[in-house]
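Structure first, commentary second.
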Amino acid sequence: MQAISPFLWFDTQAEEAAELYVGIFDNSRILSVSRYPEGSPYPAGTAMVVDFELEGIEFQAINAGPQFTFSEAISFSVVAETQEKIDYFWNALTADGGEESMCGWLKDKYGLSWQIVPPIMGELLGDSDREAASRTMTAMMTMKKLDIAALQAAHDAA
């Protein structure tokens with residue numbers, strides 16, 4: 001077990017969300033589900049805590065009521081090597097009610113924020129040619145889902 005792991009608070013969708021996430025990411029699985037017993041705040045048998053793993057990182061999700069919701073102050077950054085992977089993650093995570101945001105950010109249908117980012121972003125934005133980096137930043141600021149070819153073209157424009 002890892003020493004620190006994300007713990008996600010859901011109203012009633014913890015198991016559903018965990019199943020969605022493990023279906024999207026490779027090398028992912030549900031590790032365990034503990035269920036509410038009789039006499040608890042949820043119907044007996046409802047998932048209480050779901051332990052799951054995404055790409056080797058352990059997560060926990062709890063069904064604990066509507067008191068708390070997700071905000072953009074916390075997000076998960078997903079490295080997507082190709083435009084095809086960006087498109088895949090973007091479409092999978094915005095499906096069924098998710099929301100596109102700006103600069104590679106989105107919210108899934110549960111309100112959890114994700115960033116879908118190609119590894120080349122660090123190189124383009126960190127370029128010692130500050131004008132090229134600035135062109136990349138300007139292009140990124142006009143995008144919702146990141147477009148690697150358009151970012152590279154903006155960077156390389158003279």
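The values are calculated or read from the model by the stated rules, or taken from the named source; none is laboratory data. The shown structure was predicted, so the numbers you read here are calculated from the model rather than taken from an experiment. With ideal geometry, Cβ positions are generated from the backbone for all residues, glycine too; neighbour counts draw on all protein chains shown. Surface areas here come from the heavy atoms of the whole protein model, side chains and all, with no ligands, DNA or RNA. Shrake-Rupley method; radii C 1.70, N 1.55, O 1.52, S 1.80 Å.
Please turn the phi angles of the range 149-154 into ³J(HN,Hα) values with the Karplus equation 6.51 cos²θ - 1.76 cosθ + 1.60 (θ = phi - 60°), one per residue in order, whole Hz, x for glycine and proline.
Running phi through 6.51 cos²θ - 1.76 cosθ + 1.60 with θ = phi - 60° gives 4, 5, 5, 5, 5, 4 Hz.
Quick one: if you stick a label point 7 Å off each Cα along the C-beta vector at Thr69 and Asp156, how many nm between them?
Here the answer is 4.3 nm between the modelled labels.
Taking R0 as 25 Å, what FRET efficiency do you get between Asn91 and Phe7 from their Cβ-Cβ distance, rounded to the nearest 0.05?
Details: r = 27 Å, r/R0 = 1.08.
Approximately 0.40, to the nearest 0.05.
Which net charge results when you count Lys and Arg as +1 and Asp and Glu as -1 among the other residues whose beta-carbon is under 13 Å from that of Asn27?
On the way: positive: Arg29; negative: Asp26, Glu53, Glu55, Glu58.
That sum, taken over residues with Cβ under 13 Å, equals -3.
Please give the residues of the range 67-85, grouped as numeric ranges, whose backbone N is less than 20 Å from a label point set 7 Å along the Cα-to-Cβ vector of Tyr42.
The answer is 67-71.
Write down the accessible area per residue of the range 1-91 in Å², having rolled a 1.4 Å probe over the full set of protein chains.
Numbers: 5270 Å² over 91 residues.
Heavy-atom accessible area per residue stands at 58 Å².
Quick one: if the Förster radius is 25 Å, what FRET efficiency do Thr142 and Ile120 give, using the C-beta to C-beta distance and rounding to 0.05? Don't skip to the answer; put the middle values down first.
Numbers: r = 18 Å, r/R0 = 0.70.
So, using R0 = 25 Å, E works out to roughly 0.90.
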